[in-house]
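Before any comments, here is the structure.
The values are calculated or read from the model by the stated rules, or taken from the named source; none is laboratory data. All of these numbers come straight from a predicted model, not from anything done at the bench. FYI the Cβ positions are ideal-geometry reconstructions off the backbone, even for glycines, and counts take in every protein chain you see. Quick note on the areas: whole protein, heavy atoms, side chains included, nothing else; ligands and nucleic acids left out. Shrake-Rupley method; radii C 1.70, N 1.55, O 1.52, S 1.80 Å.
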Amino acid sequence: MGDYTKCMLASYPLFIAVALYVNDKMENQPIEQRQQLIATRMSKLKEVDWSPDNPIWKEFKGTYKGRPPLFHLSKDKNNIEELVRWLYSC
């Protein structure tokens, strides 16, 4: 999905959290409104520092793995929900 050493969007839990955030509460919206809301939500994410060095990631559940050791976000449901809540605050 990407280079985990350069961008946390390569993290499956964060990738899922972004998808959930962008599509939240859109089930009954007309397509035009959905497109507008998706564009608005995605534009807010442009300012996020997605680098693995961003200290915000350590506020979420995860562990260090690999060589060099990289922080991997936990894949559990509660952690993903916390990530979605954080994305709303961006």
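Restricting region 3-23 to residues that are touching a residue at least 24 places away in the same chain (Cβ under 8 Å) and of a type in the set (A, V, I, L, M, F, W, C) leaves a set whose member that is farthest from PRO52 (Cα to Cα) is LEU20.
Residues in region 24-49 that are assigned to a loop (DSSP other than H, G, I, E, B), open to solvent by 40 Å² or more (accessible area, probe 1.4 Å) and free of Cβ contacts under 8 Å to residues at least 60 places away in the same chain: how many?
Applying the first criterion (assigned to a loop (DSSP other than H, G, I, E, B)) to region 24-49 yields 24-30, 48-49.
Of the ones still in play, those that are also open to solvent by 40 Å² or more (accessible area, probe 1.4 Å) are 24-25, 27-30, 49.
Then keep just the ones that are free of Cβ contacts under 8 Å to residues at least 60 places away in the same chain; that gives 25, 27-30, 49.
Of the residues in region 24-49, 6 are assigned to a loop (DSSP other than H, G, I, E, B), open to solvent by 40 Å² or more (accessible area, probe 1.4 Å) and free of Cβ contacts under 8 Å to residues at least 60 places away in the same chain.
When the residues of region 59-90 are filtered to those that are in contact with a strand residue (DSSP E or B) (Cβ under 9 Å, 6 or more places away or on another chain), within 16 Å of ALA17 (Cα to Cα) and without any contact (Cβ under 8 Å) to a residue 60 or more places away in the chain, the one that is surrounded by the most Cβ atoms within 10 Å (Cβ to Cβ) is PHE60.
Every residue, every condition in (1) under 17 Å from GLY2 (Cα atoms); (2) of a type in the set (Gly, Ala, Ser); (3) within 12 Å of the chain's Cα centre (by Cα), yes or no:
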residue: ASP53; (1), (2), (3): yes, no, no
residue: LYS58; (1), (2), (3): no, no, no
residue: THR63; (1), (2), (3): no, no, no
residue: LEU70; (1), (2), (3): yes, no, no
residue: VAL84; (1), (2), (3): no, no, yes
